[in-house]
1. Just one of the numbered conditions (1) modelled with pLDDT of 80 or more; (2) within 17 Å of ALA128 (Cβ to Cβ) is not true of TYR87; which one?
2. What are the residue pairs meeting all of these: first residue in segment 95-109, first residue surrounded by fewer than 21 Cβ atoms within 10 Å (Cβ to Cβ), second residue among the charged types (D, E, K, R) and at pLDDT below 90, Cβ atoms under 7 Å, and 6 or more apart or on different chains?
3. Quick one: which residue in VAL120, VAL161, VAL135 is in the same structural domain as ALA94 (by TED's automatic domain parsing) and crowded, with 19+ Cβ neighbours inside 10 Å?
4. Buried (at least 17 other Cβ atoms within 10 Å of the Cβ) and modelled with pLDDT of 85 or more, is that true of ALA128?
5. Please name all residue pairs, on different chains or six or more residues apart, with Cβ atoms under 6 Å, provided the first residue is in segment 178-206 and is within 13 Å of ALA159 (Cα to Cα) and the second residue is at pLDDT below 80 and not in a helix (DSSP H, G or I).
6. Which of the helices (runs of 4 or more DSSP H) found entirely inside segment 72-133 contain at least 1 residues meeting this: closer than 23 Å to ALA156 by Cβ and out of contact with any strand residue (DSSP E or B) (no Cβ under 6 Å at 6 or more places or on another chain)?
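The values are calculated or read from the model by the stated rules, or taken from the named source; none is laboratory data. Since the model is a prediction, treat every value here as computed from it, not as a measurement. Positions of Cβ are generated from backbone atoms using ideal geometry, with glycine treated the same way; all protein chains shown enter the neighbour counts.
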Amino acid sequence: MDIHQTEEQQVEAIKGFWKDNGNAIIAGLAIGFAGFIGLNYYNDHKLQLEVNTSEAYQVMLDAAAKDNASLEASGKAFITENNDSSYTMLTAIALAKEAAEKQNWAQAETYLAMAIDKSVDDSIKAIATVRLARVQLQLEKYDEALATLSVTLPTAFSAGVEEVKGDIYFKQGKTELARNAYQVAIDGAGEGTNPALQMKFDDLAQVVNLSK
């Protein structure tokens, strides 16, 4: 995964992959399982359920986009009806984003935790993990946010993790730890450093220097 992609670009790329290849992946898994357990029932019934879920997920997104409507009602209904489906993770990500846009941080936290729990994709799980820590920061759950970030994530997300850690430390008044975390994030991002991150580091460096 390109380390310089934004989280939104990463999510859209993964959603696009699942849209284009989801049915083929499901079919391949189903055929493999059918060969292993020797049950035509799985191939005929379980596969059809997964394909139907894939189609229902796309219909839900298309309808929301055309009507410019809230995803909340349709998304909740989809999750309730397809709780064991891999598409639950993508739906939960979308619902969390909408909740965050409304600054409903508690609800966003719930949906992101669901996305992590239901995730079958390491990148989606990493994105949800970093976002969950940001939401917990908004809720002033600093220790929980740091615990959320303590898990092992793909290297491509290291810079994002360190930036959020810096934000948490700053809110806790731990300026030296915040400065160090921002520096690690900048080093990890390289030429793709977010200007906002550089600004946070520079501002904090001035605070540290003035306090000496």
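1. Unmet for TYR87, out of (1) modelled with pLDDT of 80 or more; (2) within 17 Å of ALA128 (Cβ to Cβ): (1).
2. Partner pairs satisfying both residue conditions: GLU98/GLU72.
3. After ruling out the rest, the residue left standing is VAL135.
4. yes
5. ILE186/THR193; GLY192/HIS4
6. Once the helices (runs of 4 or more DSSP H) in segment 72-133 are filtered for at least 1 residues that are closer than 23 Å to ALA156 by Cβ and out of contact with any strand residue (DSSP E or B) (no Cβ under 6 Å at 6 or more places or on another chain), what remains is 87-101, 105-118.
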